[in-house]
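Written below as structure tokens is the structure these notes are about.
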Amino acid sequence: MAGPANDSDERATSSAAWEERVAAGEPEQFAEFIRQVHQYQDGFARSGDGEAHRAFHVKTHAAVRADFTVRPDIPEFAKHGIFAEPKTFPALVRISNGFSAARMDWFPDLLGFTVKLTGVEGPKLLEGEGDADTQDFLTLNQPYLPAYDPKQLVIISLAAANLLSAPVKIVGALGIPHGMQVLLWTLGWSLGRFGIRSVATEDYSSEVPITIGPHAIKFAWRPRRTSAPASRGNIWQRNFLRDEFKHRLLDGDVVFDFRAQFYVDDERTPIDGAFPWKESVSPFVTLAELTIRRRDLDTAEARIEEKYIDGLSFNPWHAIEAHRPIGNIQRARRVVYRAGALHRGRADDPTVP
């Protein structure tokens, strides 16, 4: 699919002078995170069907195949890894709710947008991946997470298991100033959820960085809002977001642009934590486009495909060296996501046919 001319900000530059700073005691801390997440998964298993499922993002709105096409007009400094040359990769897309159990779509929750490219050559970063040829990109419909390190993020995430006790746990663990910041952030996106009518019109952000060759980036998916919206349906229906997306795909293709911000310096574009990089400091550059082709999600073939994609594990460390996840939160994800997938009986990254 030929896209419009690249409107990336010509001020975009990049520095390769970033570096990671690994804190003492990380392995022991990450082992404790794994224990807590397994306990969290088991708690939801006991209250559900007895089986351990994903720790988060349990409910799927859609899981479909797509095409990821690298643009020919990207900056020279971005031409590394999958972006080295114009090319189209098959992709698997899963759109989900963030909570650990399936709930009504109107209930306040984050949205996840995960993309697994296939046909990506090169050794993978996770041990034991064998012949896997994939590259994963994980995003949420929020530009940032209010966490400076993985411990804070684990506290915030696990507190969500009980909405009544969550404020007390968060303020107690993080202190009043930071705890109130987290609660105000939560209130903001919770109220915003009532205005969401389609998963196809949301922006999705990585929050934490990866690399493109020697450069560090944060990335986002921005929808192409060029087609008329599909029927909104009844927002009080349990699965109205899936229903809207189904009707939207019956009308035509759904397209997202893959946009990247490049590291400038430690102060303004920090590698650690999950706070945003300002666009005034690091403008977005459009590098590729993702096209979900027009289709009927209710066919037998589509449902088989969705079941397959829904069962896969998604991990930012399903990656090649050119796109290494970096920063303290990404290092924690490497072990916690893998352990969570194995706890529910999934291999790290089964070879995709």
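Condition first: buried (at least 17 other Cβ atoms within 10 Å of the Cβ), more than 21 Å from the chain's Cα centre (by Cα), not aliphatic (A, V, I, L, M) and not in a loop (DSSP other than H, G, I, E, B). Can you find one or more residues in the stretch 148-171 that meet it?
Checked the stretch 148-171: at least one residue is buried (at least 17 other Cβ atoms within 10 Å of the Cβ), more than 21 Å from the chain's Cα centre (by Cα), not aliphatic (A, V, I, L, M) and not in a loop (DSSP other than H, G, I, E, B).
Being within 19 Å of Asn97 (Cβ to Cβ), of a type outside the set (Val, Ile, Thr), free of Cβ contacts under 8 Å to residues at least 12 places away in the same chain and not in a helix (DSSP H, G or I), is that true of even one residue in the stretch 187-197?
Keep residues of the stretch 187-197 that are within 19 Å of Asn97 (Cβ to Cβ), which gives 187-197.
Next, only the ones that are of a type outside the set (Val, Ile, Thr) stay: 187-195, 197.
Filter once more, keeping what is free of Cβ contacts under 8 Å to residues at least 12 places away in the same chain: 187-188, 192, 195.
Then drop every residue that is not not in a helix (DSSP H, G or I), which leaves 195.
Among the residues of the stretch 187-197, at least one is within 19 Å of Asn97 (Cβ to Cβ), of a type outside the set (Val, Ile, Thr), free of Cβ contacts under 8 Å to residues at least 12 places away in the same chain and not in a helix (DSSP H, G or I), which makes the answer yes.
Within the set of pairs 6+ apart or on separate chains, which have a first residue in the stretch 77-103 that is within 15 Å of Thr118 (Cβ to Cβ) and in a strand (DSSP E or B), a second that is at pLDDT below 95 and polar (S, T, N, Q), and C-beta atoms under 7 Å apart?
If the second residue must be at pLDDT below 95 and polar (S, T, N, Q), the pairs left are Arg94/Thr60.
Under the condition of being more than 25 Å from Thr269 (Cα to Cα) and surrounded by 15 or more Cβ atoms within 10 Å (Cβ to Cβ), which residue from the stretch 1-29 is modelled with the highest pLDDT?
Step by step, filter the stretch 1-29, then rank; the result is Gln29.
Table: residues versus (1) of a type in the set (A, V, I, L, M); (2) farther than 26 Å from Thr291 by Cβ.
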| residue | (1), (2) |
| --- | --- |
| Thr114 | no, no |
| Asp133 | no, no |
| Phe137 | no, no |
| Leu140 | yes, no |
| Pro143 | no, no |
| Ala159 | yes, yes |
| Leu164 | yes, yes |
| Val168 | yes, yes |
| Tyr204 | no, no |
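Could we say that Thr286 is more than 30 Å from Val182 (Cβ to Cβ), in contact with a strand residue (DSSP E or B) (Cβ under 7 Å, 6 or more places away or on another chain) and of a type in the set (Ser, Thr, Tyr) here?
Values: more than 30 Å from Val182 (Cβ to Cβ): yes; in contact with a strand residue (DSSP E or B) (Cβ under 7 Å, 6 or more places away or on another chain): yes; of a type in the set (Ser, Thr, Tyr): yes.
So Thr286 fits the description; yes.
In this structure, does Arg242 turn out to be in a helix (DSSP H, G or I), touching a strand residue (DSSP E or B) at 6+ places or on another chain (Cβ under 6 Å), of a type in the set (D, E, K, R) and within 20 Å of Phe113 (Cβ to Cβ)?
In short, yes.
Would you point out the residue of the stretch 303-347, among those that are of a type in the set (Phe, Trp, Tyr) and assigned to a helix (DSSP H, G or I), that is modelled with the highest pLDDT?
So, considering only residues that are of a type in the set (Phe, Trp, Tyr) and assigned to a helix (DSSP H, G or I), the one modelled with the highest pLDDT is Tyr308.
The values are calculated or read from the model by the stated rules, or taken from the named source; none is laboratory data. Note that the structure is a prediction, hence the values are computed from the model and not measured. Note that each Cβ is placed from the backbone with ideal geometry, even for glycine, and that neighbours are counted across all protein chains shown.
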